[in-house]
Amino acid sequence: IVILDAADFGGKPGEVRVIPEEAIPETTLTTHRVPMNVVSRLITEGTGAKAVFIGIQPKTVALGEGLSPEVRQAADEIVAAVRKNFKP
């Protein structure tokens, strides 16, 4: 299972990285935020599938900001590659 999300790792806007589960920081569990490593464990335990996290460096993480062109392009390229290489 491929999970694509914004990840602030200090890269250039639109830069893409595969993020290993052990590199995902533990954060406080609230009703608005579930740590991605918890999501990974739930996916693996519930389905037996492996979860792969792909992070895209956002241009900004300011409240109310939308997707930047750099992030949109990176996401579109990733989706196209997954569709091309992983047909059911």
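The values are calculated or read from the model by the stated rules, or taken from the named source; none is laboratory data. No experiment lies behind these values; they were computed from the predicted model shown. Because the Cβ atoms are built from the backbone with ideal geometry, glycine has one as well, and the counts that use them run over all protein chains shown. Just the protein is used for accessible areas: all its heavy atoms, side chains included, with ligands, DNA and RNA removed. Shrake-Rupley method; radii C 1.70, N 1.55, O 1.52, S 1.80 Å.
What about Arg41, is it more than 30 Å from Lys87 (Cβ to Cβ) and either open to solvent by 100 Å² or more (accessible area, probe 1.4 Å) or under 14 Å from the mean Cα position of the chain (by Cα) (or both)? If you could, list the steps in order and put the result at the bottom.
Numbers: more than 30 Å from Lys87 (Cβ to Cβ): no; either open to solvent by 100 Å² or more (accessible area, probe 1.4 Å) or under 14 Å from the mean Cα position of the chain (by Cα) (or both): yes.
For Arg41, the condition - more than 30 Å from Lys87 (Cβ to Cβ) and either open to solvent by 100 Å² or more (accessible area, probe 1.4 Å) or under 14 Å from the mean Cα position of the chain (by Cα) (or both) - is not met.
I'd like the residue in the range 67-88 that is modelled with pLDDT of 85 or more and more than 20 Å from Arg17 (Cβ to Cβ) and, out of all such residues, is nearest to the chain's Cα centre (by Cα). Ranking the qualifying residues of the range 67-88, first place goes to Arg83.
Do we have Gly48 as over 13 Å from the mean Cα position of the chain (by Cα), modelled with pLDDT of 85 or more and open to solvent by 50 Å² or more (accessible area, probe 1.4 Å) here? If you could, list the steps in order and put the result at the bottom.
Working: over 13 Å from the mean Cα position of the chain (by Cα): yes; modelled with pLDDT of 85 or more: yes; open to solvent by 50 Å² or more (accessible area, probe 1.4 Å): yes.
Judged against the criteria, Gly48 is a match.
Right, Val38: at pLDDT below 85 and farther than 23 Å from Leu67 by Cβ or not? Taking the combined requirement at face value, the residue satisfies it.
Consider Asp76 carefully, then state whether it is among the charged types (D, E, K, R) and assigned to a helix (DSSP H, G or I). Against the criterion (among the charged types (D, E, K, R) and assigned to a helix (DSSP H, G or I)), Asp76 qualifies.
Figure legend. Inter-residue proximity from the range 13-31: first residues modelled with pLDDT under 85, second residues not in a loop (DSSP other than H, G, I, E, B), beta-carbon distance below 6 Å, spacing 6+ or different chains. Indicated pairs: Glu21/Asn37; Glu21/Ser40; Ile24/Met36; Ile24/Asn37.
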